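Participant: First, the structure itself, so that you have it in front of you.
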Ligand code: SF4
Ligand code: SF4
C-alpha cells in the first residue's frame, strides 16, 4: 500500500530536548522514524512563522520542545515561549487546524525515556489524524 | 458645524500659532459622502480644514511612528490606546505628542448604511445622534446607535485613556455583558466549519495589504511578507499564502490590538479581518487579564511572563 509517510518536524532546544534525543539515540531507545529534528538554540527562538513554514512545506505535524521551566539555559526563554505558544496554538485551532497537529513539551537532557515516550505519543496522534491538507502550499 | 469640529479647529490652530507643535494630525473631508481622510495641518489656516463626524474610522496613531517633529494628534478612545502602545514600544516619546482627545460615541458602519439605498449616497448629514442620508430620490433618517460598527458596539473605552486636552465632555462608557460573543460563536463551530468560515472570509482577499498598512501596530521596517531569504509566504493569490499572511498579521498584533477597526475600514474588499485579531484580544484578556493600551505601567503579555503561567497544554 503506497500510503504517504507522515512527516513531523520537531524543533528541539539545544540545551535540553536535543540532548535528550541524543541520549535516547545512544541508549538505543526506539522511537518513531517520522520525526525530523531541527535544533534551535532555545524554545523561545521558535517563531510562529517557522511553524507555518513547516506546514506550508507539507509536514503533517509540529512538535516544539525545550527545557523545563526554571531550567532554561538562557534563564527565561521558555517562559516567553510558553506564552507565545498558547496564543499561537489557540489561534491556529480557531482557524480550523486540528489541535493534535501541534505539540509542546519540556524535556531535560537527562530524560531520554521521556523523549522516546513523547515522540511516540506525538507520532501516534499525528499518524491517527492522517496526512495534513491544511496550510500546505500545493504546487501550481 | 458640530462642537467637536469647532473645538478641534480651535485647539489645533492655537497649538500651531503658539508653536507648541509643528503639525497637527486630524481628519479632513473625503471626496465622497461618508468618507474622511487623514490630514495634516502645519498652519492655523490649514487647521480650519479639520472635521469630525461619525466617519472618522481610521486610526491616526498610524502616522506618528518614529516621527521627529512635535505632533498634535486628534484621538478618540481607541486611537489613544494605540498612542499608549506606541509610547510603550518606543515609537514616540510621550512629550513629543500633544493628544487632543475626542470622547467618542462610536463610528458608523459604512457598508450597512450604503446598503440601505438602492443607489449611491449623495448626502450624509449628522445631527447629534441622528443621521440623514440622501440618494437619488430616496431619503432615510437613522438612529446612529443602530448603525455602529461591530467594534464600536462593544467598545468600553470610548473616552481617550490619555490626553492633553479634550474637545468635549467625557461620555458615558458602555457596560457590555458579553463582549466576546462574536468570538465564542466561531469557537462553538466544529473544526471543519471554522476552517470553512475563514476560507469564505478570505476568498476575496486581493493581498493589497491595506489592512496591514492602516494598522498602527504594523510598523516593522521589513514586514515578513516582503522578506525573501527565507521567503515566509509566496507573493501570489495562493490560498495558503493568503491564509498564512492573515494568521501572521493577526499574530503580530497579539496583546497589542486595540480593536480600533482601522484594518477593516481600509480593506477595499470589505473583509472582516477582525475575526482573526478578536480571538487574540479575547485570549489576551481571558488568559493574561490584559487589555492593550490602557496603561504605561504594565508590560504587555508577550513581553513578560509569570513562572506560574499555565503548563496544561505542554507534555
Ligand atoms: S489589527 Fe486592526 S483593530 Fe487591531 S489595532 Fe490593528 S488596525 Fe486596529
Ligand atoms: S485589506 Fe482586505 S483585500 Fe487587502 S490584504 Fe487586507 S484583507 Fe486582503
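Participant: Only residues that are part of a strand (DSSP E or B) and closer than 23 Å to residue B:130 by Cβ: list them for region B:42-73, please.
Facilitator: The first filter runs over region B:42-73 and keeps only residues part of a strand (DSSP E or B), leaving B:50, B:71-73.
Of everything in region B:42-73, just one residue is part of a strand (DSSP E or B) and closer than 23 Å to residue B:130 by Cβ, namely B:50.
Participant: Identify all residues within region B:132-149 that are buried (at least 16 other Cβ atoms within 10 Å of the Cβ) and either within 21 Å of residue B:261 (Cα to Cα) or not assigned by TED's automatic domain parsing to the domain that holds residue B:112 (or both); write none if there are none.
Facilitator: Residues satisfying the conditions are B:144, B:147, B:148, B:149.
Participant: When you look at residue B:227, is it farther than 26 Å from residue A:101 by Cα and surrounded by 14 or more Cβ atoms within 10 Å (Cβ to Cβ), yes or no?
Facilitator: no
Participant: If only one of B:247, B:198 is within 17 Å of residue B:183 (Cα to Cα), buried (at least 22 other Cβ atoms within 10 Å of the Cβ) and away from ligand 1 (no atom under 11 Å from the Cβ), which one is it?
Facilitator: None of the others qualify; the one that does is B:247.
Participant: For residue B:292, indicate whether it is within 16 Å of ligand 1 (Cβ to nearest atom), within 14 Å of chain A (Cβ to nearest Cβ), closer than 22 Å to residue B:152 by Cα and in contact (Cβ under 8 Å) with a residue 60 or more places away in the chain.
Facilitator: yes
Participant: Given the structure, is residue B:310 closer than 21 Å to residue A:101 by Cβ, outside the structural domain of residue B:112 (by TED's automatic domain parsing), more than 16 Å from ligand 1 (Cβ to nearest atom) and loosely packed, with under 15 Cβ neighbours inside 10 Å?
Facilitator: Details: closer than 21 Å to residue A:101 by Cβ: yes; outside the structural domain of residue B:112 (by TED's automatic domain parsing): yes; more than 16 Å from ligand 1 (Cβ to nearest atom): yes; loosely packed, with under 15 Cβ neighbours inside 10 Å: yes.
Taking the combined requirement at face value, the residue satisfies it.
Participant: What helices (runs of 4 or more DSSP H) lie completely within region B:186-284 and have 2 or more residues being at pLDDT 95 or above, over 22 Å from residue A:55 (Cα atoms) and within 14 Å of ligand 2 (Cβ to nearest atom)?
Facilitator: Working: elements: B:191-202, B:210-214, B:239-251, B:262-266.
Where helices (runs of 4 or more DSSP H) fall fully within region B:186-284 and carry at least 2 residues being at pLDDT 95 or above, over 22 Å from residue A:55 (Cα atoms) and within 14 Å of ligand 2 (Cβ to nearest atom), they are B:210-214, B:262-266.
Participant: Right, something else. Given the conditions (1) buried (at least 20 other Cβ atoms within 10 Å of the Cβ); (2) in contact with a strand residue (DSSP E or B) (Cβ under 7 Å, 6 or more places away or on another chain), and given that residue B:82 satisfies all but one, which numbered condition is not satisfied?
Facilitator: The number of the failed condition is (2).
Participant: Is there a residue being away from ligand 1 (no atom under 16 Å from the Cβ), more than 20 Å from the chain's Cα centre (by Cα), within 12 Å of another protein chain (Cβ to nearest Cβ) and modelled with pLDDT of 95 or more anywhere in region B:166-185?
Facilitator: Taking every residue of region B:166-185 in turn, at least one turns out to be away from ligand 1 (no atom under 16 Å from the Cβ), more than 20 Å from the chain's Cα centre (by Cα), within 12 Å of another protein chain (Cβ to nearest Cβ) and modelled with pLDDT of 95 or more.
Participant: OK, next. Out of B:19, B:39, report the one residue that is more than 16 Å from ligand 2 (Cβ to nearest atom), over 21 Å from residue B:130 (Cα atoms), assigned to a strand (DSSP E or B) and free of Cβ contacts under 8 Å to residues at least 60 places away in the same chain.
Facilitator: B:39
The values are calculated or read from the model by the stated rules, or taken from the named source; none is laboratory data. Just so you know, these numbers come straight off a predicted model, no measurement behind them. Don't worry about glycine lacking a Cβ; one is built from the backbone with ideal geometry, like all the others, and counts go over all protein chains shown.
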